[in-house]
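Everything on this sheet refers to the single structure shown next.
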Amino acid sequence: MTQGVLVICEQRDGAFRKISFEAVSEGRRLADGLNTDLTALVLGGDIADIAGDLEACGPDKIWVADDPLLMDYRTESYTTVCAQAIQSASPQVVLIGASAQGKDLAARLAARLDAGLVMDCIAIRLEDGQLTYTRPMSGGKILADVSITGTPQLVAIRSNVMPITKSSHACTTETFDVQVDEPRTRVVDKKVESGDKVELTEAAIVVSGGRGTGGDYAAIEELASLVNGAVGASRSAVDEGWRPHSDQVGQTGKVVSPSLYVACGISGAIQHLAGMSTSKNIVAINKDAEAPIFAKADYGVVGDLFEIVPELTKAVRQIKE
Amino acid sequence: MEIVVLVKQVPDTESIIQIGEDNVSIKTDDIKWVMNPYDELAVEAALQIKEAQGGTVTILSMGPDKTVEVIRTALAMGADTGVHINDPATVGSDALSRAKLLAAAIRARPFDLVIAGMRAVDEDNYQVGAAVAEYLDIPQFTQVTKVVVENDTIKCHQVVEGATVVAEASLPALFTTQRGLNEPRYASLPGIMKAKKKPIETLTLADLDVSPETVGPAGRKINVTALRFPPEREPVKMIDGENAADIASKLATVLHEEIKVI
Ligand SMILES: Cc1cc2nc3c(=O)[nH]c(=O)nc-3n(C[C@H](O)[C@H](O)[C@H](O)COP(=O)(O)OP(=O)(O)OC[C@H]3O[C@@H](n4cnc5c(N)ncnc54)[C@H](O)[C@@H]3O)c2cc1C
Ligand SMILES: Nc1ncnc2c1ncn2[C@@H]1O[C@H](COP(=O)(O)O)[C@@H](O)[C@H]1O
């Protein structure tokens, strides 16, 4: 019998990524709607003591797959363990965070299980027992409602869209027995970014700069760090070599959905808008009153970013004090 | 070194997407079609590896007649041969079915390395590369920003949230491209002339070891029930004032009191 919701959680070096809490919270809502159980699966090496961190979001059961071979994320070993878990739980829906790692895993798993996968899902709707998933296409220019034929239904949810909620449930934690071969890929080096850098796709506030910065990001960085946000960039700024590719927002960069997106010196090209138009609030600062970005913003300031942004930082600092 | 590159033809990113009458497809009349930008990176990566190691670069693309245009573009950039899966029975296949067809075409020839884009910017599935690797039973590296191929080993840099991971495997393997990997070259005029004489093989479903019921509309597991545009925003509220400090203070108040993000 196919039933239940399974959430595959992502951790790195013993700490859950934020998306894991988002996925378990969404899993709880879905399991309640379907009147079924929620299982959270955690994979890693030496991670048994972190599983409890998920309990607040309300799983009925936590499965811990703890094995030295799972120490580093590797597509093949993780796919094998997730496929075993799915075979033994036979869930109706499997949720995965659509991070870089989650996308890699979800796509391989879909092929392994011959199961339909909705990538970058931003909303799940349950109507008359039928599940409908919403996902952006063409970099967010359009939204598609889709359904999946068959089970398990694999759903990779986009970061920063679904809220983290608390829910108290009696929760049991069990060991999930791992049978896995040595993966064919080997990690030879890993550079972890300093802990205080906020990841662009996870940030609640993104302050972005474009060609209008002329390459000077000091004011933008200062504002971003004050509000515990991340710095983003247009492709022009990346092409100029002012910012790394990993900062690029847009149709060929990252898609972000923060609570606040501040676009500074960005004209608002269609490819840029594709990457940030799902932000909850958009502020545009541009010296050209005709810049297309203003048509997509909630609040606009016509002015020189080198004058406005430092003053904004000052004003925000005053509010915070 | 036998390298196969997966290339898809997609609407230009400048395109304004319009929803068709049926509400589940997009209007294609006014669209300019181009090579998926991530696949340009894939072709460039293949050419660089070939230049260093020797070998051949085969372009594999599935789609209707006009798909030949992107195969020719890749041949003009310097690829050696093209393979075009063109069969009405495969139209309407979802990502998983497309991967089955592409994998079947690859399996039928020698290959050491397969390169795909991390995503096609039409449907943004991020799925075909990994699925092809699974069907071929080879290791995969997705979203690669740097690649080194030496002898029979491939080493890839992958940027994930909060870290850069460097990993390696023995060939055969598949990787997918992320921006930062390289700057794709343009096709030169002599390249375009030469491309006209390069061979393109056409395959139909009958040439591929894939059961017909798993492809096309009937094979779909993902069914689009409706397309719509993202909700429109309220008209922009412009904030002005006497000077920068005044404007900034009004804006900060809005962020703090109205939308409560600060
Ligand atoms: C295939 C393809 C994919 C692409 N993908 C992306 C993508 O993913 N992301 C992306 O961003 N772009 C992408 N682009 C590029 C896109 O088309 C635009 O060229 C780019 O977004 C423009 O960047 P910009 O707004 O920083 O620069 P510009 O368009 O040059 O705009 C600079 C703006 O800064 C303003 N300005 C200048 N000085 C100041 C100042 N002192 N204070 C305030 N304002 C100032 C100007 O008025 C202007 O509006 C893509 C293009 C192609 C062809
Ligand atoms: N019809 C196709 N023909 C050839 N390659 C394709 C096709 N569809 C997808 N691909 C490859 O798979 C990558 C990812 O596509 P997708 O999973 O659809 O986002 C693309 O960048 C291409 O390299």
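The values are calculated or read from the model by the stated rules, or taken from the named source; none is laboratory data. For clarity, every value in this text was computed on a predicted model and none was experimentally measured. Neighbour counts are summed over all protein chains in view; Cβ atoms, including those assigned to glycine, are modelled from backbone coordinates with ideal geometry. Only protein heavy atoms, including side chains, enter the accessible area calculation; ligands, DNA and RNA are left aside. Shrake-Rupley method; radii C 1.70, N 1.55, O 1.52, S 1.80 Å.
Structural remarks
- Hits in the range A:68-117 - residues which are part of a helix (DSSP H, G or I), out of contact with any Leu (no Cβ under 9 Å at 6 or more places or on another chain), aliphatic (A, V, I, L, M) and facing chain B (nearest Cβ under 9 Å): A:100, A:105
- Yes/no for residue A:277 being touching a residue at least 40 places away in the same chain (Cβ under 8 Å), under 23 Å from residue A:98 (Cβ atoms) and either more than 8 Å from chain B (Cβ to nearest Cβ) or away from ligand 2 (no atom under 16 Å from the Cβ) (or both): yes
- Filtered residues of the range A:195-221 (kept if within 13 Å of residue A:262 (Cα to Cα) and without any contact (Cβ under 8 Å) to a residue 40 or more places away in the chain): A:221
- Of all positions in the range B:143-151, none carries a residue that is closer than 24 Å to residue A:199 by Cβ, of a type in the set (D, E, K, R) and within 15 Å of the chain's Cα centre (by Cα).
- Residue count for the range A:42-59, restricted to those that are within 18 Å of the chain's Cα centre (by Cα) and in contact (Cβ under 8 Å) with a residue 60 or more places away in the chain: 1
- Subset tally (residues that are farther than 18 Å from residue A:134 by Cα, open to solvent by less than 10 Å² (accessible area, probe 1.4 Å) and either within 15 Å of ligand 1 (Cβ to nearest atom) or more than 7 Å from every other protein chain (Cβ to nearest Cβ) (or both)) for the range B:120-132: 2
- Of the strands (runs of 3 or more DSSP E) lying entirely inside the range B:23-91, those containing at least 3 residues that are within 14 Å of chain A (Cβ to nearest Cβ) and closer than 18 Å to residue B:121 by Cα span B:33-35.
- None of A:296, A:280, A:320, A:287 is under 12 Å from residue A:264 (Cβ atoms) and of a type in the set (Lys, Arg) except A:287.
- Residue, farthest from the other protein chains (Cβ to nearest Cβ), within the range A:177-197, restricted to residues that are farther than 21 Å from residue B:155 by Cβ and surrounded by 11 or more Cβ atoms within 10 Å (Cβ to Cβ): A:177
- Odd one out for residue A:275 among (1) near ligand 1 (Cβ under 7 Å from one of its atoms); (2) modelled with pLDDT of 95 or more; (3) outside any loop (DSSP other than H, G, I, E, B); (4) crowded, with 23+ Cβ neighbours inside 10 Å: (2)
Condition check ((1) modelled with pLDDT of 95 or more; (2) open to solvent by 20 Å² or more (accessible area, probe 1.4 Å); (3) within 20 Å of residue B:220 (Cβ to Cβ)) across all residues:
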position	(1), (2), (3)
A:96	yes, no, no
A:115	yes, no, yes
A:128	no, yes, no
A:138	no, no, yes
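- Within the option set A:316, A:249, A:256, A:231, being within 11 Å of chain B (Cβ to nearest Cβ) and either away from ligand 2 (no atom under 16 Å from the Cβ) or among the polar types (S, T, N, Q) (or both) holds for one residue only, A:316.
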